[in-house]
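So the structure is just underneath, and the comments pick up after that.
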Amino acid sequence: ADTIWTALGDTSSDGNWYSKRATLAGVHGAAVLFWLGDDSRDHEDTRAFIDRRIDDVMRIERAKSALAANPAGRAVLAGPNFVLSRMRPPKGLAGFPGLRRGR
């Protein structure tokens, strides 16, 4: 997930760094498992599954946006947003499992 987000030019440096990668890892993992059992023509069912998962992610993003646009919602999100704003991505990923050397 990190390699994909990095290749896409992601520059997030707070809690978004983690949430983007966790969301993508979840969608990717679910899609791979679905694909392994998909015997539909040209994997049409897998493509539809991925579209539904992306719709689910976008539904969550729309709900977050609506909550942030509401004064009461902003108050509810103040604590979590503060915590997320203080988070930073790990420094020096070179020692992490699954990563290529020299990164």
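When you scan the range 30-51, how many residues do you find that are open to solvent by less than 30 Å² (accessible area, probe 1.4 Å) and under 30 Å from Val83 (Cβ atoms)? Adding up the residues that qualify gives 1. Out of the residues in the range 63-95 that are modelled with pLDDT under 85 and hydrophobic (A, V, I, L, M, F, W, C), state the one that is most open to solvent (accessible area, probe 1.4 Å). The residue in question is Ala94. Only one of the listed residues (Arg21, Arg52) is assigned to a helix (DSSP H, G or I), out of contact with any helix residue (DSSP H, G or I) (no Cβ under 9 Å at 6 or more places or on another chain) and not small (Gly, Ala, Ser). That residue is Arg52. Selection within the range 8-18: residues that are assigned to a loop (DSSP other than H, G, I, E, B) and either in contact (Cβ under 8 Å) with a residue 60 or more places away in the chain or of a type in the set (Gly, Ala, Ser) (or both). The member of this set that is least open to solvent (accessible area, probe 1.4 Å) is Ser12.
In this structure, Gly98 qualifies as out of contact with any Lys or Arg (no Cβ under 6 Å at 6 or more places or on another chain), open to solvent by 60 Å² or more (accessible area, probe 1.4 Å), under 20 Å from Ala25 (Cβ atoms) and modelled with pLDDT under 85. Quick one: how many residues across the range 52-62 are open to solvent by 80 Å² or more (accessible area, probe 1.4 Å) and touching a residue at least 24 places away in the same chain (Cβ under 8 Å)? Selection size over the range 52-62: 1.
The values are calculated or read from the model by the stated rules, or taken from the named source; none is laboratory data. These figures come from a predicted structure and were not determined experimentally. Cβ sites come from the backbone with ideal geometry, for glycine too, and all protein chains shown count toward neighbours. The accessibility values were calculated without ligands, DNA or RNA, using every heavy atom of the protein model including side chains. Shrake-Rupley method; radii C 1.70, N 1.55, O 1.52, S 1.80 Å.
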